[in-house]
1. Looking at segment 281-290, is at least one residue on the phi < 0 side of the Ramachandran plot, surrounded by fewer than 20 Cβ atoms within 10 Å (Cβ to Cβ) and among the charged types (D, E, K, R)?
2. For Ala252, which of the numbered conditions (1) of a type in the set (A, V, I, L, M); (2) over 24 Å from Leu444 (Cα atoms); (3) surrounded by fewer than 21 Cβ atoms within 10 Å (Cβ to Cβ) fails to hold?
3. In segment 268-310, which residues are in a helix (DSSP H, G or I), free of Cβ contacts under 8 Å to residues at least 60 places away in the same chain, more than 26 Å from Arg214 (Cβ to Cβ) and among the basic types (Lys, Arg)?
4. Of the conditions (1) more than 23 Å from Gly456 (Cβ to Cβ); (2) assigned to a helix (DSSP H, G or I); (3) in contact with a Phe, Trp or Tyr (Cβ under 9 Å, 6 or more places away or on another chain); (4) touching a residue at least 60 places away in the same chain (Cβ under 8 Å), Arg249 satisfies every one except a single condition; which number is it?
5. Which one of these does Ala201 not meet: (1) in contact with a strand residue (DSSP E or B) (Cβ under 8 Å, 6 or more places away or on another chain); (2) surrounded by fewer than 24 Cβ atoms within 10 Å (Cβ to Cβ); (3) under 28 Å from Leu60 (Cβ atoms)?
6. Any residue in segment 271-285 that is under 21 Å from Ala416 (Cα atoms), at pLDDT 95 or above, in contact with a Lys or Arg (Cβ under 9 Å, 6 or more places away or on another chain) and not aromatic (Phe, Trp, Tyr)?
7. Tell me which residues, restricted to segment 454-478, are touching a residue at least 12 places away in the same chain (Cβ under 8 Å) and more than 20 Å from Ile409 (Cβ to Cβ).
8. Kindly indicate whether Ser170 is touching an Asp or Glu at 6+ places or on another chain (Cβ under 8 Å), in a helix (DSSP H, G or I) and polar (S, T, N, Q).
Amino acid sequence: MPRSLVEQRQQEEMSAYYAARSPSAVAATQTAATPFDQESVRLSGFAEWFAVSQTLLPALLLLPGSQMYRLPLRIGAYAISLYAFALWWLDRAARKEGKHPAERFLLLVMVVLTASIAHPDTVGMVPGIASVLMYFTILCPLFWARAYVTDRRQLVRVLAILIVCNGINSIVGVLQVYDPARWMPRELSMFYAAGSQMSAAVTYVGPGGRLIMRPPGLFDTPGAVCGAGTIAAMFGLIFALEPIRWWKRLIAFAMAGAGIAAIYLSHVRVALVVTVAMMLFYLALLAFLREHKRFTQFGTLAVGILAGALVLAVALGGQSTLDRFSTLLAEDPATLYYNNRGVAFQQGFTTLLSEYPMGAGLARWGMMHYYFGAPSRMDVAEVFAEVQPSAWILDGGVFLLAFYFLALIATVVYDAVFVRNLADPEDRLWTAAIVAANFGTLVLVFTFVPFGTVGGMQFWFLEGALHGAMARRPRLRA
């Protein structure tokens, strides 16, 4: 074939490729896609399997004799993210897709953490590398998720899977209180062995004086089901309003109710606060988008399910459940926060930051110190970090604190532009749903260490999936 014809053929193929990737072509493809109500229930694509793995792998800890394999199973939930990043990195075409504005700050986060390995108070080389890898596995879904979720259909399928997984998790949590002999795992984390002080701390008195352990759900830590409850409640209510078959809407609503009930029965007050904050933020986004009908529907369902789930939780968990959550209304919110997590938040900036401006060394707090600490080194004793800023200060000082906050700020600004500028109303609604869910993780920064857990990995996974699905969607003209 003559050279000119070869070049012409290549030019035609490239033109067709870029035309297919244009916003108008993507919009047309998604419009003609299979209606969501007719989607196959089979898992397809790495992103969907990843969503399932975040519930399935921890659930393996409920099997008899699995505690001896706890560390490998816990590492596995994070290692999958690292594996996905490796696949993405080896695919040059995927790496050339549009970047997220938070990436530059997250790369600086990794630079600071890598440098912290050389900190004189880092417990050791292996613990230091393990800490860096932990951070990386949590944040790297922002990079690779966009390669596996490239349109709105795939994004909605991932959210549906999250509802099912977290909904089942929540239902199991409720059943563990209803019939603990059948549903409560025989083995829990070694920290909560029968008769231990920690075991007593996660037990409360139920109806008839029965002692109830906070339900772990599909995990081995008492009360852990509350995390699944927040996701099931939020996305369950959203799917209950979607134009799908009535029985699917009913299942979504039931899973949302199970999620709220599981939160009540776990006695984790901050989980309820975060869930309500997510719902209120979603309502604010609906008001901004002038979705008045959905605003009314979602608000009505949210109030009803919060009240109905409380009735169920009190029936199963007794008066102590009502007493536990009534304290949220009995005290001034600012005073209540300060007395519980506010003190730790303040100490992070007033004490830890002045004492460790360049960080305290890696593996000095949390499970990293537990698994990789060096008891022989008395000069690197464990330091407690109850809230996320304190953890950042300990691991990388003022630079890690600043760069991670900048990454989150860049993400918030980027998502705000998405919600405002997407042309398709359906795109804006699904974007609002994910932004509201991730808002809950941002709230947890002030009460917990979400970006040191799978909760932080879920945040960056959803953000990366949103970026991949919506980055090329049509925008409103200024």
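The values are calculated or read from the model by the stated rules, or taken from the named source; none is laboratory data. The structure presented is a predicted model; accordingly, all values stated were derived computationally and were not measured. Cβ atoms come from the backbone with ideal geometry, glycine included; neighbour counts cover every protein chain shown.
1. Looking for residues that are on the phi < 0 side of the Ramachandran plot, surrounded by fewer than 20 Cβ atoms within 10 Å (Cβ to Cβ) and among the charged types (D, E, K, R), one finds none in segment 281-290, hence no.
2. Tallying (1) of a type in the set (A, V, I, L, M); (2) over 24 Å from Leu444 (Cα atoms); (3) surrounded by fewer than 21 Cβ atoms within 10 Å (Cβ to Cβ), Ala252 fails exactly one: (3).
3. Looking only at segment 268-310, we keep the residues that are in a helix (DSSP H, G or I), and these are 269-288, 292-310.
Of the ones still in play, those that are also free of Cβ contacts under 8 Å to residues at least 60 places away in the same chain are 269, 271-272, 276, 280, 283-284, 287, 292-293, 295-297, 299-300, 303-304, 306-310.
Adding the requirement that they be more than 26 Å from Arg214 (Cβ to Cβ) leaves 283-284, 287, 292-293, 295-297, 299-300.
If the condition is that a residue be in a helix (DSSP H, G or I), free of Cβ contacts under 8 Å to residues at least 60 places away in the same chain, more than 26 Å from Arg214 (Cβ to Cβ) and among the basic types (Lys, Arg), then Lys293 is the only one that fits.
4. Exception for Arg249: condition (4).
5. (1)
6. Yes, because at least one residue in segment 271-285 is under 21 Å from Ala416 (Cα atoms), at pLDDT 95 or above, in contact with a Lys or Arg (Cβ under 9 Å, 6 or more places away or on another chain) and not aromatic (Phe, Trp, Tyr).
7. The initial filter retains those residues of segment 454-478 that are touching a residue at least 12 places away in the same chain (Cβ under 8 Å), namely 454-476.
Matches in segment 454-478: Val454, Ala465, Gly468, Ala469, Arg472, Arg473, Pro474, Arg475, Leu476.
8. On the way: touching an Asp or Glu at 6+ places or on another chain (Cβ under 8 Å): no; in a helix (DSSP H, G or I): yes; polar (S, T, N, Q): yes.
No.
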